[in-house]
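Everything below concerns the one structure shown next.
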Amino acid sequence: MNDYTSALCRWLDGGVSPYHTVQMAAELLRAQGFSERQAADTLTAAAPGDRWFVETGTFLAAFSVGRRPDSFRIAAAHTDWPCLRVKPHPELLGGGCCRLSVEPYGGAILNTWLDRPLSLAGIAMVRGADALHPVRRLVRWEEPVATIPNLAIHLNREVNKGVPTRPNVDLLPLCAVVREQFEREGYLLRQLAGKLAVEPRDLLSFELYVYCAERAQTVGFDGGLLSSPRLDNLTSVHACIDGLCRADGEAINVAVLYDNEEIGSNTRRGADSATLTVLLEKLALALGMDRQGFLNACLNGMLLSCDAAHALHPNHPEFADPAHAPKLGGGVALKRSPRYSSEAETCAVIGALCADREIPVQYYMNRADLPGGSTVGSMASALLAMPAADVGVPLLAMHSARELMGTADQAALCRLCEAFFSC
């Protein structure tokens with residue numbers, strides 16, 4: 001296993017919620033000499049060599065000011081992934097078990113969540129000094145605390161012919177056996193309070209994600225495959241942060257981790273918001289730019305939108321464009337389709353960077369009658385009036401509880417991000 005793959009596995013095993021992913025990014029940035037600031041801090045002055053970041057829970061933007069800070073180099077990824085989220089009053093009793101009421105988040109392949117060890121992670125908001133200032137506490141059960149059992153084939157004879165998975169019936173995780181004196185009301189809240197060593201009455205709200213508790217694993221006789229939850233899109237999160245930390249560029253380098261891409265990005269922490277624009281303008285003003293200078297820094301900059309791509313499926317090649325289907329282990333995928341932000345000019349830039357650094361690169365385009373998913377590139381580049389390109393690691397089983405990639409491809413994406421930030 002190469003160094004890039006080993007580092008990625010740490011991200012995959014640790015990034016069990018968007019909050020935990022951002023925490024991992026923040027810890028790595030601090031270790032690399034980045035200081036932390038609040039989004040509302042007043043920036044009175046900035047200069048080449050400054051390195052700092054802002055995080056707001058599931059969103060993070062990190063900045064490194066180069067020697068000639070007159071344009072932006074931005075690499076973007078997203079911290080969320082299709083999963084199940086726990087409702088505020090989730091306890092349901094049935095069949096001698098306590099179940100959790102959940103809702104699907106994003107476009108998950110629902111039946112892949114069945115019969116797996118599952119756990120919970122996210123945050124709890126604890127009472128603070130006053131009502132306007134609750135305290136955010138990170139929480140994670142590392143051991144499996146739930147599972148969703150399939151219905152036996154003897155009772156569901158058509159299951160192998162394709163049976164719909166109903167979220168309100170088939171996706172209720174079992175988390176406890178019900179015995180005498182079981183108090184259903186507030187059961188999860190009491191577990192959460194015990195985990196955080198606080199009183200249940202001091203828990204004001206929570207945001208908990210059901211996550212697949214299986215770890216990342218290499219697969220294959222040669223170890224050339226990596227099977228893991230959350231490859232989409234922690235592969236890109238790792239590459240953006242790694243590239244920013246390694247690079248020594250002349251521009252203003254920015255790594256931005258958005259939330260809520262899987263549900264359209266139209267939130268305060270999503271790519272379809274003004275959040276990054278506000279932070280960029282504050283930095284530009286602190287560098288002594290006027291409004292026109294800031295706008296020119298955007299127009300002369302470039303955005304690298306990093307998100308997973310569809311690999312050619314060996315069992316279903318009919319779903320791919322025969323000339324534009326990346327293969328596992330073949331390098332980073334450069335994505336071109338109307339739903340992506342890549343243009344001829346920006347594809348030329350990426351192609352040249354890859355050629356100069358001997359980074360393997362492949363083209364991805366959708367089959368003409370099968371539109372693919374969207375990502376953050378088109379929205380962010382439109383808001384910033386900035387040219388952009390979409391790239392990512394090719395995956396199989398995208399949006400499954402476990403996805404599959406080639407182990408060599410993470411190195412290609414990380415090296416591309418480093419090259420992008422260094423130019």
Rounded to the nearest Å, what's the spacing between the alpha carbon centres of segment 117-135 and segment 37-111? Just the number, please.
15 Å
How many nm separate the modelled label positions at MET125 and LEU151, each set 7 Å beyond the Cα in the direction of the Cβ?
3.8 nm
Using a cut-off of 27 Å between alpha-carbon atoms, which lysines can reach LYS327, once sequence neighbours fewer than 8 places away in the same chain are excluded?
LYS335
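Using only DSSP helix segments of four residues or longer, with each worth -39500 (n - 2.57), what per-residue ellipticity at 222 nm results for the chain after dividing by its residue count and rounding to 500?
Working: 10 runs with 114 residues, N = 423.
That calculation yields -8000 deg cm²/dmol at 222 nm.
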Pairs of alpha-carbon atoms within less than 8 angstrom and 6+ residues apart define the contacts here; what relative contact order does segment 121-185 have, in percent?
26 percent
How many percent of the accessible area of the chain is carbon or sulfur, using a 1.4 Å probe?
52 percent
Inter-label distance, nm, simple model (7 Å from Cα along the C-beta direction), VAL135/THR56
2.4 nm
With a sphere of radius 9 Å drawn around the Cβ of ARG85, what net charge do the other residues whose Cβ falls strictly inside it have (Lys, Arg +1; Asp, Glu -1)?
-1
Crossing angle, helix 344-357 versus the chain [Cα axis fit, 0-90 degrees, rounded to tens]:
90 degrees
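Mind checking the dipole of segment 104-216: about its Cα centre, +1 per Lys or Arg Cβ, -1 per Asp or Glu Cβ, Debye to the nearest 20?
Numbers: 14 positive and 13 negative charges, 28 e Å.
Approximately 140 debye in magnitude.
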With the dipole of the chain defined by +1 on each Lys or Arg Cβ and -1 on each Asp or Glu Cβ, the option from VAL177, HIS324, LEU234 whose Cα lies farthest towards the positive pole is VAL177
Rounded, prolate or oblate (a/c below 1.5 giving rounded, otherwise prolate when a/b exceeds b/c) for the chain by Cα gyration tensor
oblate
Starting from the Cα of CYS97, step 7 Å along the direction of its Cβ; do the same at VAL169; then give the gap between the two resulting points in nm.
1.6 nm
With a 1.4 Å probe and every protein chain left in place, tell me how much accessible area HIS133 has, in Å² to the nearest 10.
110 Å²
What angle do you read, to the nearest 10 degrees and between 0 and 90, between the alpha-carbon axis of helix 187-196 and the longest principal axis of the chain?
50 degrees
Placing one identical point scatterer on every Cα of segment 27-74 and ignoring solvent, what is log10 I(q)/I(0) from the Debye formula at q = 0.14 Å⁻¹?
-0.36
May I ask you to derive the relative contact order of the chain, considering only C-alpha pairs under 8 Å and at least 6 residues apart, and to give it as an integer percent?
23 percent
Quick shape check on segment 125-196: root eigenvalues a ≥ b ≥ c of the Cα gyration tensor, a/c under 1.5 is rounded, otherwise prolate if a/b tops b/c, else oblate, and it reads prolate
Segment 173-326 - percent relative contact order, Cα under 8 Å, separation 6 or more:
12 percent
Which of ALA382, LEU189, HIS78, positive extreme of dipole for the chain (C-beta unit charges)
LEU189
Antiparallel DSSP beta bridges within the chain, as percent of all bridges there, nearest 5
70 percent
In debye to the nearest 20, how big a dipole does the chain give about its Cα centre with +1 on each Lys and Arg Cβ and -1 on each Asp and Glu Cβ?
500 debye
Please determine, in degrees from 0 to 90 and to the nearest 10, the orientation of helix 231-246 with respect to the longest principal axis defined by the Cα atoms of the chain, where the helix direction is its Cα long axis.
40 degrees
Kindly provide the trypsin sites (Lys or Arg not before Pro) of segment 146-228 that DSSP labels as loop, not H, G, I, E or B, and whose Cβ sees at most 10 other Cβ atoms within 10 Å.
ARG157, ARG179
Express in whole angstrom the spacing between the alpha-carbon centres of segment 308-324 and segment 326-399.
15 Å
Sequence of THR79, THR267, THR42 when ordered by accessible area, the most exposed leading, probe 1.4 angstrom
THR42, THR267, THR79
Karplus-derived 3J(HN,Hα) from phi for segment 392-404 (6.51 cos²θ - 1.76 cosθ + 1.60, θ = phi - 60°), whole Hz, x at Gly and Pro, runs x, 7, x, 10, 10, 6, 4, 6, 7, 4, 10, 10, 9
If you stretched the chain out fully between ARG201 and ASP222, how much longer would it get, using 0.36 nm times the residue separation minus the C-alpha to C-alpha distance?
2.2 nm
Residue among VAL139, VAL177, VAL102 with the largest mean-square fluctuation in a Gaussian network model of the chain, springs linking Cα atoms under 10 Å:
VAL177
The local net charge around ARG336, scoring Lys/Arg +1 and Asp/Glu -1 for residues other than ARG336 whose Cβ lies under 11 Å from its Cβ, equals -1
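The values are calculated or read from the model by the stated rules, or taken from the named source; none is laboratory data. Remember, it's a predicted structure, so these values are computed and weren't measured experimentally. Methodologically, a virtual Cβ is constructed for each residue, glycine included, from the backbone with ideal geometry; neighbour enumeration extends over all protein chains shown. When the accessible area is computed, the model is the full protein with side chains, heavy atoms only, and any ligands, DNA or RNA have been set aside. Shrake-Rupley method; radii C 1.70, N 1.55, O 1.52, S 1.80 Å.
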